[in-house]
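Let me begin by presenting the structure, written as structure tokens, before commenting on it.
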Amino acid sequence: MIQNITSDLQVHITRVRRYLQDHRVADRPRFEKFRFRFYEDLWRKTAANMGAEIEDFGNGYFKITYNGDWTFVLEAKVMLDDHLSLRMAGNKPLVHRLLSEGNYPIQDYCEYSMHDLGKAMDFIRKTGGPCVVKPAAGSGAGNGITTKILTRRQLKKASLWAATFSPRLLIEQEIPGDSYRLIYLGGEFLDAVRRNPPTVMGDGRSSIKKLMLEENRR
């Protein structure tokens, strides 16, 4: 049951994150109401699937009780990870270092800032591109990330976007292939979720951009 619940949760969270990345949607005041209702519905369905009780504490907080045990949730936040662990996970250069020290393969990367774009451009030339630009820390859910970077113009635009989340920036070699999220709890592997990129089919009327926005909202 835990595996089914975690898979459903990851699917729902991926959908709302894709919706968030449409900045025109995220900037609308009504999005806050949409997000609140989305997570309320998600947690109520999750509790019902578990046979657990759920209590609304207001301001987006819900208490879920099951067999005498309880936990609080707030949107996509749960009480499993401590604050420091989350901060460390969000620091991409630190994660690269820890993975490297654990003998896990990592892609080539370079840390830079808006003041030394030349350093990032040298990295693109060295790797041959394409590359990915992202905030080095302080963001998640794909926020601030731009892929397929090949030119200086693309680099500058992507860096400006990433810098709205962190002054420290990261450029990585882009590696094609499927993206997987592995879910562990207490060191035990629970499930794996493959996150497929959205695909669209033309309808003879809408632009590709419009079709992509509609797919991201679906």
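Things worth noting here:
- Of the criteria (1) under 20 Å from the mean Cα position of the chain (by Cα); (2) closer than 17 Å to His96 by Cβ, which one Asp108 fails: (1)
- Residue list for the range 157-166, restricted to those being in contact with a Leu (Cβ under 7 Å, 6 or more places away or on another chain) and modelled with pLDDT under 90: Ala162, Ala163
- Checked against the criteria, Tyr104 does not count as under 20 Å from Thr164 (Cβ atoms), among the hydroxyl-bearing types (Ser, Thr, Tyr) and free of Cβ contacts under 8 Å to residues at least 60 places away in the same chain.
- Only one of the numbered conditions (1) touching a residue at least 60 places away in the same chain (Cβ under 8 Å); (2) within 30 Å of Asp81 (Cα to Cα) is violated by Thr147, and that is (1).
- Residues of the range 62-86 classified as in contact (Cβ under 8 Å) with a residue 40 or more places away in the chain and of a type in the set (D, E, K, R), total: 1
- Index of the failed condition, Ala192 passing every other in (1) farther than 24 Å from Cys131 by Cα; (2) in the same structural domain as Met114 (by TED's automatic domain parsing): (2)
- The criterion of at least 1 residues that are within 25 Å of Gly187 (Cα to Cα), among the polar types (S, T, N, Q) and in contact with a Leu (Cβ under 9 Å, 6 or more places away or on another chain) is met, among strands (runs of 3 or more DSSP E) falling completely within the range 30-88, by 69-74.
- Residue within the range 166-175 that is touching a Phe, Trp or Tyr at 6+ places or on another chain (Cβ under 7 Å), under 19 Å from Arg195 (Cβ atoms) and not aliphatic (A, V, I, L, M) present: yes
The values are calculated or read from the model by the stated rules, or taken from the named source; none is laboratory data. Note that the structure is predicted; figures quoted are calculated from it, not measured. When we count neighbours, we look across all protein chains shown, and the Cβ atoms used for this are built from the backbone with ideal geometry, even at glycine.
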